[in-house]
Amino acid sequence: MAPSGERPAAHRTRVGACGGRTSAVSESGFSLHAGRGNPNWSATGPREAFHALGYFALDESRRVWTADNLGGRPEGRGIGERFDSWVRRHPQLPGVELLAACVQYAMARWAFDKDEFVHELADAVTGDNYPLPGRMLAHAEHIVRGYLGFEMFGTRPPKGDMSLFATEGAAAAMCYVFDSLVKNGILAEGDKVALMAPAFTPYVEVPELDAYGFEVVEVRASRSAEAGVRQWHYPREEVAKLADPAVRLVCVVNPGNPPSPAPGDRVAEQIKEIVATANPRLLIVTDDVYGTFVPGFHSLAADVPRNTLLVYSYSKHFGCTGWRLGVIGLHDDNVIDEMIADLPQERKDRLARRYRSLTPEPEKLRFIDRLVADSRPVAPRHTAGLSLPQQAMMVLFSLFDLLEEGQAYKERVRQILRQRLDLLLEGARMQTADDGRRPGHHVELDLLAEAERVHGKEFADFLEKTYEPADPVLRLAARTSAAPPGGGSDGPAWSVRISLADLDDMDCLKIGHHLREVFREYVAEWTRSPSPRGPAGEAGRPGAAG
């Protein structure tokens with residue numbers, strides 16, 4: 001591949017979006033799709049329990065009414081006892097043992113009325129009703145709150161309760177949050193919205209949409225040197241931008257995407273101090289989807305509960321992106337409800353007219369419930385809410401995680417990711433800091449930093465001046481599965497984001513080897529260049545991608 005100038009027509013390559021994935025397609029017909037982080041593992045136990053629940057619910061439906069593929073709605077009275085009897089009669093059915101363990105755990109922890117709880121599960125998996133209540137099923141909310149508290153808050157939970165709204169994944173949750181904040185007058189065109197960057201692509205794009213017209217303030221992490229490569233840290237002076245009262249909201253992906261590590265306790269303490277002093281009504285939207293991959297993870301929703309909207313998705317941990325299971329959590333004592341109460345009377349009157357079809361006292365409608373109404377055009381609110389089978393699956397995922405089996409599954413997934421990262425780095429001969437805050441679901445490789453580490457700044461400057469940032473990605477694409485360039489997530493242009501979650505172990509090793517070959521090509525081209533070079537042995541110096 002020539003270091004400069006246009007490639008021959010048969011080898012010109014373009015990069016673009018294709019079905020939610022980054023694709024590299026050459027005009028000679030070669031095409032490749034690089035994954036967006038869809039895990040290649042699947043939590044089978046809770047899925048088996050889900051299908052077992054379905055068989056129980058169908059038996060309950062036929063008990064009410066049987067006529068040629070026609071049944072009735074499961075009956076609530078006595079269903080708890082019938083469930084126990086049904087479990088005893090079907091010991092060989094896959095998933096029935098775990099299903100019974102989930103129900104038993106929920107009953108012991110929350111002391112539910114068994115008929116009411118089992119009926120909610122049976123009715124949900126049957127999907128024969130509108131979601132009632134629309135925000136989230138009553139027992140499901142208790143269980144998912146327990147799951148989030150265990151995985152997101154750990155040993156330092158906030159005081160009080162958090163109300164939840166089940167959504168079609170985290171991306172939908174994020175859109176609902178922005179839309180409802182605008183509709184309720186909490187955010188307006190021209191407001192400053194901060195983004196802790198680099199960040200997941202939708203967080204880069206949504207605040208800049210013309211429909212909102214926000215002024216985006218970047219709180220940018222720096223790449224400090226540790227263990228020979230660049231690592232991400234938020235300097236105090238960057239986080240201090242949030243102290244400006246004109247900054248109304250900050251979005252953070254925690255742990256990060258594309259750079260994995262969580263911001264850490266120092267950043268959390270600084271944000272807590274800012275909220276306590278300079279900017280007490282700063283709103284925080286934290287996307288904690290990768291939190292389960294980090295031992296001892298602690299969410300900002302626990303550190304600053306009154307100011308934080310917690311967004312979570314089950315997709316990554318349980319390998320269930322197709323289920324579209326997400327949730328928004330908001331502490332019952334929160335500043336958003338305060339801000340709505342403090343709006344000018346004229347604005348409150350307009351909002352009262354907006355929500356008056358829902359309640360005789362619309363001014364008392366909490367923001368978490370306004371989110372539900374705003375997710376539909378208010379009037380058809382009865383059709384809002386995540387579908388009941390989806391909520392049943394969410395409940396079983398949550399209960400599974402709270403059992404010993406779920407914790408063993410979590411540790412296995414973490415081991416898989418650690419092994420894949422080790423194989424990738426072994427193949428590339430690259431290094432990364434041993435950071436306990438790194439989930440390892442994906443990794444961002446800073447290629448310029450690696451070039452400078454191994455061959456010096458002159459070589460890194462040569463790469464930056466001679467090639468486009470997409471060039472190493474395209475060279476990788478010609479050899480094997482490639483990953484989206486990190487620049488798409490507001491990261492460094494000369495970086496590659498590799499999702500370890502959807503690669504086989506040996507593929508990680510192969511990609512590492514191919515990356516090393518790409519660097520060898522660059523070094524060979526550099527040494528052939530007429531410009532003065534360092535010592536001749538530089539290109540063969542061992543390390544990373546050399």
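The values are calculated or read from the model by the stated rules, or taken from the named source; none is laboratory data. Predicted, not measured: the structure shown is a model, and the values here were computed from it. Side chains are part of the model used for accessible areas, which takes the heavy atoms of the whole protein and leaves out ligands, DNA and RNA. Shrake-Rupley method; radii C 1.70, N 1.55, O 1.52, S 1.80 Å.
Computed quantities for the displayed model
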read-out: Centroid-to-centroid separation of segment 114-141 and segment 328-374 [C-alpha atoms, Å]; value: 26 Å
read-out: Cubic angstrom per residue, convex hull over Cα atoms of segment 249-405; value: 144 Å³
read-out: Tail fraction, Cα-Cα pairs, segment 338-480, threshold 23 Å, whole percent; value: 66 percent
read-out: For segment 113-194, fraction of C-alpha pairs farther apart than 23 Å, in %; value: 42 percent
read-out: Accessible area of Asp191 in the full protein assembly, 1.4 Å probe (Å², nearest 10); value: 30 Å²
read-out: Gap separating the Cα centres of segment 272-322 and segment 496-527, nearest whole Å; value: 33 Å
